[in-house]
Amino acid sequence: MKLLDSLTRRFYFVTALKGLVMTGRHFIFNLVGITKRHTIQYPEQRRKYSNRFMGIHVLTKKPNNEIACTACMLCATNCPAECIHIVAAESPNPKVEKYPAVYEIDLMRCVFCGFCEEACPVDAIRMGRDYEYAELSERNFVVGIEYLMSRPALKGRNVSIYHETDKVVKSDFQVSDFKKAS
Amino acid sequence: MAKITINGKEFDVDAGKNLVDAAEENGIEIPHYCYHPGLSIAGQCRMCVVEQEGNPKLQIACNMRCSEGLKVRTDTEKVQEAVKWNLEFHLINHPIDCPICDQAGECGLQDYYMKYGKYQSEMREEKVLKEKAVDLGEKIVLDKERCILCGRCVRFTQEISKTAALGIYNRGDRSVIGTVNDEPMTDNYQVNTVDICPVGALTSKDFRFEQRVWFLDEVESICGGCSKGCNIFVHHKSGKHIYRLKPRYNSQVNEHWMCDIGRDTYKNSNYDRRLTQARLGGIEMPTAEAIQIWAADLKTLVAMEQTDEIGIWLSPELTNEELESVFKLFAKEWGISKFFSENVSAIVAQDEAIDGLLYRKDHYPNSAGFLQATKTYKIKLDSTDSLVDQLDKTKIRHLIIFGPEADRAKTDNSRIANALTHQTFSVLVTAQLSVAESFPQALGIPSLSHLEKSGSLTNHAGLTQEMKGGLKMFREALSTQDILAKLEEEYRKPLDSDRKLEARL
C-alpha cells in the first residue's frame, strides 16, 4: 500500500484522471437526461411564476376605456426609486376633473417593489406579470400611458377590479418546485 | 399683560388678545376653521370650543379675549367629544375627493381629521351633491361640494378687498358659496381667498393640478412686483421650478395678504423665461468667456483714458447690495461718471397705492433704496433721454445695462436698443430672456432673478427688508456681485499681448 500511495502522490495524473471522469460523467448524464437539470431552454420553455410575481406595471382602465388614474401622484410620492413622472391636466371628459396627461415610468430605475400599487387609492396601477423587456436604447425604457395601459402582452384583458372581478389565474407552481429549482 | 390658565398651566399674555392666537403662541393648538386673525370673528365652525371654568356650557375660543384670571381647558373629554362630533358634521357633505384636490396636504379637514377625527362615520344619508369646478373668473375655481361654509372668503371680500363679490346662498344643507349669477371675480386680491380657504373649495387656476403641495419647499423672500415690498414665501420644487408665491405675515407691510399681480411675478424666475447662457450676437458662450471679452473692451477704454465714453444704465430693481458693488467698482475704482436710469425721483414722487390696499404705482421694488444709494455715493443720474441722445452722437462707446426684469422698462429698453449702433459695445446683465432678445447686439450675461437674490430692498415707506435667498434655479446664473468680482479679476489680469511681450523679454 505504501508503494501505491507514493505512486499516486508521484503520478498526479491519476487524480487528474479522476477529475476528468467526474466531469465526463456529469456531461454525459446531463446530455442523456439522467440528472435533473437546473437550467431550462429559455425562449421555448418558460418558468412558471407565482401569482404574486411583480413585473411591468399595468395602468387599468374604466369600463369606458378611459384611464382609471386620477393623477393624485401618491404612487410618485411613495416610489422609493423616483421613477414615476406624472403631469396632471384637466380631463377632456367633463365628468372627470383630473387625469394624467403624461404618465411615465422609467423601467430602468424601477425596482419593482410594488409600493405604487399599494399607494394607489383607485386601483389604477397594478404590477403586471410580464418581465421580458429588451430595447436598444436606454431612453426606450421610459414607457408611457400607451404602453402601460394597452400593450399587446395584456391581450386586451385590462379592466379595473372595481368594475369586474378578475379571473383568478391558477398557477401550477408549487413551493416544492421552487425548492427543487434552487 | 394678563395671567391666563390653559389646561392648568399659567401663561402671561397680552390682555385683550384672542384666545386662539394666545394659545397658539404658547404651543397649545385650538382647532379652528372660520377664525382668521386678519378677519372679523364669525363663530360659525364651532371647532374651537373650550371649557371655561365657572361656565356650564362649552364656549368658542375665537370669541374669547384674554383677561386676568381666565381659566380654560382644551383637554377634557367634553371638549374632545365636541370637536370630534363637530368635525363629523363638517364632513357630512364633503365629497372627500382628496386625490384630485389641490388643497390635499395643506387641508384643514385632513389635518384635523388625523388628529381629532371620528374614524367611523355614522351618517347613513346620501351626500348632498353640488356643483363642482365652477369657473370664477381668470384666477379662481370654486368647488361648492368641498366647501364647509366657514365664510372666511365672504368676510375677506367684505372687509379687506371690499368688493363683496362672494356670499353664501341658499339655506340649510344646500347652502353654497358663490357670486351673484356666478359672475366672475375681477379684483386684484381674489387669490387671497384661496390662501385663507381651509379646505379645497377655492383653488387657484394658476396652480391647478400643477403640483402636489407635499413636493414643494419654501423660501422666504420679498415680492418684487411693486414698491410695497410684501413679504412672501416662494414655493418651489427642489430648486428647479417655482410653482407659486404665498404671502408671509408682516404686521408692518402686508399683514396676511398679497396682490394677484405680485403672485404672477414668479413666472419670470422660471427656466423658460430666463437667459440661461451668456450670448453675443446669437452665439452662446460660457459666462467666464463673456466676462473676458467685456473686461478686454473696458481695459482698452480705461488704458486710453476714455472713461467718459463708458455709460451705465441701472434699473431701480437692483438690491442695495448690488447697487453698492456697482457704484464701488465703477464710480469709486474706475472713475466712471455717466450713470443713467429712468426718471426715478419722478416715479417715487408719483407713487401711490392704486386701490388703497397693497399694489402701488411704482413697479420697482427698490426705488427708495436706489435714490439713497446714489446720494451716498454722490452719483449724478441722467435720464434715458440723455443716454439716447449721447448714443446718437456716439459719445458713448461702451454701455452697460443692469437688469430690467420682465416688461418693466419696455419703452426705455426699446429706445436704447434702437439707438445702439455697431460703434457702441454693449453689455447686458439680466436674468430675462425677453430682455436679452430685445438687445440682440449686446453681450448678454445671465444674472440671478429677483426671487433668487439675497440682499435688502427699501420699500416706499423707507423700510429696509432682507431677502435671504437660498434658491438657485441653474448653475450658469451668477449674482451681480459675483459677476462684478469676476470682471474686476479679469480686468486686473494682464492682456494676452502684454503677456506675450513679457515672455519675449
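Mind listing whichever residues of the stretch A:51-71 are under 15 Å from A:Ala153 (Cα atoms) and in contact with a helix residue (DSSP H, G or I) (Cβ under 6 Å, 6 or more places away or on another chain)?
A:His57, A:Leu59, listed by residue number.
Quick test for you: out of A:Val111, A:Val87, pick the one residue that is open to solvent by 40 Å² or more (accessible area, probe 1.4 Å), outside any helix (DSSP H, G or I) and either facing chain B (nearest Cβ under 10 Å) or at positive phi (or both).
Within the list A:Val111, A:Val87, the selection yields A:Val87.
Every residue, every condition in (1) open to solvent by less than 90 Å² (accessible area, probe 1.4 Å); (2) aromatic (Phe, Trp, Tyr), yes or no:
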{"site": "A:Leu4", "(1), (2)": "no, no"}
{"site": "A:Leu7", "(1), (2)": "yes, no"}
{"site": "A:Phe13", "(1), (2)": "no, yes"}
{"site": "A:Ala16", "(1), (2)": "yes, no"}
{"site": "A:Met22", "(1), (2)": "no, no"}
{"site": "A:Arg25", "(1), (2)": "no, no"}
{"site": "A:Val32", "(1), (2)": "no, no"}
{"site": "A:Lys36", "(1), (2)": "no, no"}
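Only one of (1) more than 14 Å from chain A (Cβ to nearest Cβ); (2) open to solvent by less than 30 Å² (accessible area, probe 1.4 Å); (3) among the aliphatic types (A, V, I, L, M) is not met by B:Ala104, so which one is it?
For B:Ala104, the exception is condition (1).
When you look at A:Thr70, is it open to solvent by 40 Å² or more (accessible area, probe 1.4 Å) and of a type outside the set (Phe, Trp, Tyr), yes or no?
no
Of the conditions (1) more than 30 Å from B:Cys223 (Cβ to Cβ); (2) assigned to a helix (DSSP H, G or I), B:Glu322 satisfies every one except a single condition; which number is it?
Of the numbered conditions (1) more than 30 Å from B:Cys223 (Cβ to Cβ); (2) assigned to a helix (DSSP H, G or I), the odd one out for B:Glu322 is (1).
Taking the stretch B:232-256 as the search range and keeping residues that are open to solvent by 10 Å² or more (accessible area, probe 1.4 Å) and of a type in the set (S, T, N, Q), which one is farthest from the other protein chains (Cβ to nearest Cβ)?
Across the stretch B:232-256, the extreme among qualifying residues is B:Gln252.
Could you identify the single residue in A:Glu97, A:Glu82 that is open to solvent by 20 Å² or more (accessible area, probe 1.4 Å), closer than 19 Å to B:Cys98 by Cα and within 14 Å of chain B (Cβ to nearest Cβ)?
On inspection, the qualifying residue turns out to be A:Glu97.
I'd like the full set of residues that are more than 12 Å from chain B (Cβ to nearest Cβ) and assigned to a loop (DSSP other than H, G, I, E, B), limited to the stretch A:62-78.
Residues satisfying the conditions are A:Lys62, A:Pro63, A:Asn64, A:Asn65, A:Glu66.
Under 7 Å by Cβ, and 6 or more places apart or on different chains, what pairs join a residue from the stretch B:479-493 that is farther than 24 Å from B:Gln432 by Cα with one that is open to solvent by 60 Å² or more (accessible area, probe 1.4 Å) and in a helix (DSSP H, G or I)?
Sorted first by the residue in the stretch B:479-493, then by its partner, the pairs are B:Glu490/B:Gln292.
Restricting attention to the stretch B:132-149, and to residues there that are part of a loop (DSSP other than H, G, I, E, B) and of a type in the set (A, V, I, L, M), which single residue is nearest to the other protein chains (Cβ to nearest Cβ)? Give the derivation first.
Applying the first criterion (part of a loop (DSSP other than H, G, I, E, B)) to the stretch B:132-149 yields B:132-133, B:136, B:138-139, B:143-149.
Pick out the ones that are also of a type in the set (A, V, I, L, M) and you get B:133, B:136, B:148-149.
Values: B:Ala133: 6, B:Leu136: 16, B:Ile148: 19, B:Leu149: 21 Å.
Applying the filter and picking the extreme gives B:Ala133.
Pick from the stretch B:382-412 the residues that are of a type in the set (Gly, Ala, Ser) and surrounded by fewer than 18 Cβ atoms within 10 Å (Cβ to Cβ): which of them is farthest from the chain's Cα centre (by Cα)?
Here the answer is B:Ser386.
Quick check on the stretch A:22-30. Is at least one of its residues touching a residue at least 12 places away in the same chain (Cβ under 8 Å), away from chain B (no Cβ under 14 Å) and over 25 Å from B:Arg208 (Cβ atoms)?
Going through the stretch A:22-30, the residues touching a residue at least 12 places away in the same chain (Cβ under 8 Å) turn out to be none.
No, the stretch A:22-30 contains no residue that is touching a residue at least 12 places away in the same chain (Cβ under 8 Å), away from chain B (no Cβ under 14 Å) and over 25 Å from B:Arg208 (Cβ atoms).
Can you find, within the stretch B:150-208, the residue that is surrounded by the most Cβ atoms within 10 Å (Cβ to Cβ) among those that are acidic (Asp, Glu) and assigned to a helix (DSSP H, G or I)? Let's see the steps before the verdict.
To start, the set of residues in the stretch B:150-208 that are acidic (Asp, Glu) comprises B:159, B:173, B:182-183, B:187, B:195, B:206.
Applying the additional criterion that residues be assigned to a helix (DSSP H, G or I) yields B:159, B:173, B:182, B:195.
Values: B:Glu159: 12, B:Asp173: 12, B:Asp182: 11, B:Asp195: 20.
So the residue we want is B:Asp195.
The values are calculated or read from the model by the stated rules, or taken from the named source; none is laboratory data. Small disclaimer: the values here were computed from a predicted structure and weren't measured. Cβ atoms come from the backbone with ideal geometry, glycine included; neighbour counts cover every protein chain shown. The protein model used for the area step is the full one, side chains on, heavy atoms only, and it has no ligands, DNA or RNA in it. Shrake-Rupley method; radii C 1.70, N 1.55, O 1.52, S 1.80 Å.
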